[in-house]
Amino acid sequence: MKDASTTREKDILEKYNLSNIDFIKVGHHGSNTSSGDKFINSIKPKYSIISVGKNNRYGHPKISVLDTLSNSKIYRTDIDGIIEIKLNKNGYKIKTCPL
């Protein structure tokens, strides 16, 4: 699946009634082309997952995106390594395995 741009995020907000979600996979490795303020403030994710390489040449994730996500618990593959979310009938459990 392709990452959603801020334009696509606007479309999603107009089409679906999303709020107070548990998880979001942050688009574009945390670049400023997705995870816009309006989208994140509308869906209010509890946890934000960013798949990003350590010391990447693009400087991802961007500080502005991390600021936008600051009301959620942020997991990053460059810091946390493997991020596993196990769902069960009682909810979920998040486990990390640093590389």
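The values are calculated or read from the model by the stated rules, or taken from the named source; none is laboratory data. The structure displayed is predicted, hence computed values, not measured ones. Virtual Cβ from ideal backbone geometry, glycine too; neighbours counted across all protein chains shown. Only protein heavy atoms, including side chains, enter the accessible area calculation; ligands, DNA and RNA are left aside. Shrake-Rupley method; radii C 1.70, N 1.55, O 1.52, S 1.80 Å.
Being hydroxyl-bearing (Ser, Thr, Tyr) and touching a residue at least 40 places away in the same chain (Cβ under 8 Å) is a property that holds for Tyr47.
Listed here are the residues, each with its yes/no results for (1) at pLDDT 95 or above; (2) touching a strand residue (DSSP E or B) at 6+ places or on another chain (Cβ under 8 Å); (3) more than 18 Å from Asp3 (Cβ to Cβ).
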{"residue": "Ser31", "(1), (2), (3)": "no, no, no"}
{"residue": "Ser35", "(1), (2), (3)": "no, yes, no"}
{"residue": "Ile49", "(1), (2), (3)": "yes, yes, no"}
{"residue": "Lys86", "(1), (2), (3)": "yes, yes, yes"}
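Just one of the listed residues (Leu18, Leu66, Leu99) is at pLDDT below 95 and open to solvent by less than 100 Å² (accessible area, probe 1.4 Å), namely Leu18. Hey, any hits in segment 72-84 for a residue that's small (Gly, Ala, Ser), in a loop (DSSP other than H, G, I, E, B), modelled with pLDDT under 95 and surrounded by 11 or more Cβ atoms within 10 Å (Cβ to Cβ)? Scanning segment 72-84 turns up no residue that is small (Gly, Ala, Ser), in a loop (DSSP other than H, G, I, E, B), modelled with pLDDT under 95 and surrounded by 11 or more Cβ atoms within 10 Å (Cβ to Cβ). Looking only at residues in segment 21-63 that are hydrophobic (A, V, I, L, M, F, W, C) and more than 26 Å from Leu99 (Cα to Cα), the one that is surrounded by the fewest Cβ atoms within 10 Å (Cβ to Cβ) is Ile21.
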